[in-house]
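What follows is a single structure, written as structure tokens, with notes after it.
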Amino acid sequence: MTEGVAKQLAEVTSGDLHKIQPEQPYTDADLDWRDKQSRSSVEMQDKNSRPAITNKLTNMQDYDVVYVGFPIWWYTAPTIINTFMESYDFKGKALIPFATSGGSDIKKASEDLKAAYSNVNWKEGKLLNRVSKDDLKKWVETN
């Protein structure tokens, strides 16, 4: 769901799309939030977890605005988003979080990101479940 929204957002903004990819891909079993021993459960319990990512951007300096999208896990951003945030210098850039979720909003995730990366120029984030291109255009215009 998040990837689909990201693709639409890239079209609406005429922006580049970059997928935050884990070095070790997640399996369905890894993502089983009901299993306290699943990879995602273990990562989210450890606030210092920083799953390795592949395909690092080499031209982050070329961007002024960066939309950071993710699914909500345990009411916040997955720990791999911390890996992404700690991989680049965001000085002088505007970062705009967006998320998808089966039942949570983005409020806690946005607050957590702002607290963890207070030196970043965060803009208002938005939950983008089942959003139309027209809705995306309106949201982009307000940021």
Determine the pairs where a residue that is over 17 Å from ALA10 (Cβ atoms), located within segment 116-141, has a partner that is modelled with pLDDT of 95 or more and open to solvent by 40 Å² or more (accessible area, probe 1.4 Å) with Cβ atoms under 6 Å apart, the partner being 6 or more residues away or on another chain. TRP122/LYS114
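Being in contact with a Gly (Cβ under 6 Å, 6 or more places away or on another chain) and either in contact (Cβ under 8 Å) with a residue 12 or more places away in the chain or of a type in the set (D, E, K, R) (or both) narrows it down to one of PHE84, PHE98, PHE90, so name that one. It would help to see each step written out before you state the result.
Working: PHE84 fails: in contact with a Gly (Cβ under 6 Å, 6 or more places away or on another chain); PHE90 fails: in contact with a Gly (Cβ under 6 Å, 6 or more places away or on another chain).
Within the list PHE84, PHE98, PHE90, the selection yields PHE98.
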Return a yes/no flag: does segment 31-50 have any residue that is closer than 30 Å to SER14 by Cβ, crowded, with 18+ Cβ neighbours inside 10 Å, in contact with a Pro (Cβ under 7 Å, 6 or more places away or on another chain) and touching a residue at least 12 places away in the same chain (Cβ under 8 Å). no
Exception for GLY4 within (1) open to solvent by 70 Å² or more (accessible area, probe 1.4 Å); (2) within 26 Å of GLU111 (Cβ to Cβ); (3) at pLDDT below 95 falls at (1)
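Each row is one residue, and each column tells you yes or no for (1) open to solvent by 30 Å² or more (accessible area, probe 1.4 Å); (2) more than 13 Å from the chain's Cα centre (by Cα).
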position	(1), (2)
THR100	no, no
ILE106	no, no
GLU124	yes, yes
TRP139	no, yes
Go through (1) of a type outside the set (Phe, Trp, Tyr); (2) assigned to a loop (DSSP other than H, G, I, E, B); (3) under 14 Å from the mean Cα position of the chain (by Cα) for ARG130 and report which single condition fails. (3)
Quick one: is GLU23 open to solvent by 40 Å² or more (accessible area, probe 1.4 Å) and either under 17 Å from SER101 (Cβ atoms) or in contact (Cβ under 8 Å) with a residue 24 or more places away in the chain (or both)? yes
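The values are calculated or read from the model by the stated rules, or taken from the named source; none is laboratory data. These numbers come from a predicted model, not from an experiment. Using ideal geometry, Cβ is built from the backbone for each residue, glycine included, and neighbour counts are taken over all protein chains shown. Areas reflect the complete protein model, heavy atoms only, side chains present, ligands, DNA and RNA absent. Shrake-Rupley method; radii C 1.70, N 1.55, O 1.52, S 1.80 Å.
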